[in-house]
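Below you'll find the structure, written out as structure tokens, and then a few comments.
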């Protein structure tokens, strides 16, 4: 497991629909809270045109959670919104991905979530492509 791998699955878990994650993970394994789910806010920053100077866009609600599995593995999660159960499930998957069952969890939880995310992105790209305007210049017959 590399930091890049972990960053990818944690991002996928944070962006997933809470009900989809709940259905895929099934019954939760034995765990305890190192940090119970907490709701807070973070400052969202933006850039004009994507390249300009950064500015404070506004605040966004987030929920964070840290759990410890029965075997001692620790999992963390930050998710957008105020869903404590979603943060808990994401932290549990993070912990499971660090253990011996990582391949099974990847196939059962992460792969289906990635497929849903890919379909959602393809739909968004198709909608954007449908609004694309092609501009061209016609050459006038004057010399």
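The values are calculated or read from the model by the stated rules, or taken from the named source; none is laboratory data. Bear in mind the structure is a predicted one, so any value in this text is a computation, not a measurement. Cβ placement follows ideal geometry from the backbone for every residue including glycine, while neighbour counts extend to all protein chains displayed.
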* To do: Scan segment 11-47 residue by residue and report those that are in a strand (DSSP E or B), over 21 Å from residue 81 (Cβ atoms) and touching a residue at least 24 places away in the same chain (Cβ under 8 Å).
  => 31, 32, 34
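Is at least one residue of segment 16-39 on the phi > 0 side of the Ramachandran plot and modelled with pLDDT under 95?
Initial filter on segment 16-39 (on the phi > 0 side of the Ramachandran plot): 26.
Keeping just the survivors that are modelled with pLDDT under 95 gives 26.
Within segment 16-39, one or more residues are on the phi > 0 side of the Ramachandran plot and modelled with pLDDT under 95.
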* Are there any pairs with C-beta distances below 7 angstrom linking a residue in segment 48-72 that is over 20 Å from residue 38 (Cβ atoms) to a residue that is modelled with pLDDT of 90 or more and exposed (fewer than 10 other Cβ atoms within 10 Å of the Cβ), with the two at least 6 apart or on different chains, and if so which? -> 56/43; 70/30
* **So residue 124, is it under 26 Å from residue 62 (Cβ atoms), without any contact (Cβ under 8 Å) to a residue 24 or more places away in the chain and assigned to a helix (DSSP H, G or I)** => yes
* Asked: What is the one condition in (1) loosely packed, with under 12 Cβ neighbours inside 10 Å; (2) within 18 Å of residue 11 (Cα to Cα); (3) over 17 Å from the mean Cα position of the chain (by Cα) that residue 115 does not satisfy?
  -> (3)
* To do: Report whether or not residue 87 is modelled with pLDDT under 95, within 19 Å of the chain's Cα centre (by Cα) and surrounded by 12 or more Cβ atoms within 10 Å (Cβ to Cβ).
  => no
* To do: Please verify whether segment 72-84 includes one or more residues that are modelled with pLDDT of 95 or more, part of a helix (DSSP H, G or I) and surrounded by 10 or more Cβ atoms within 10 Å (Cβ to Cβ).
  => yes
* Hey, residue 93 within 13 Å of the chain's Cα centre (by Cα), assigned to a helix (DSSP H, G or I) and crowded, with 21+ Cβ neighbours inside 10 Å or not -> yes
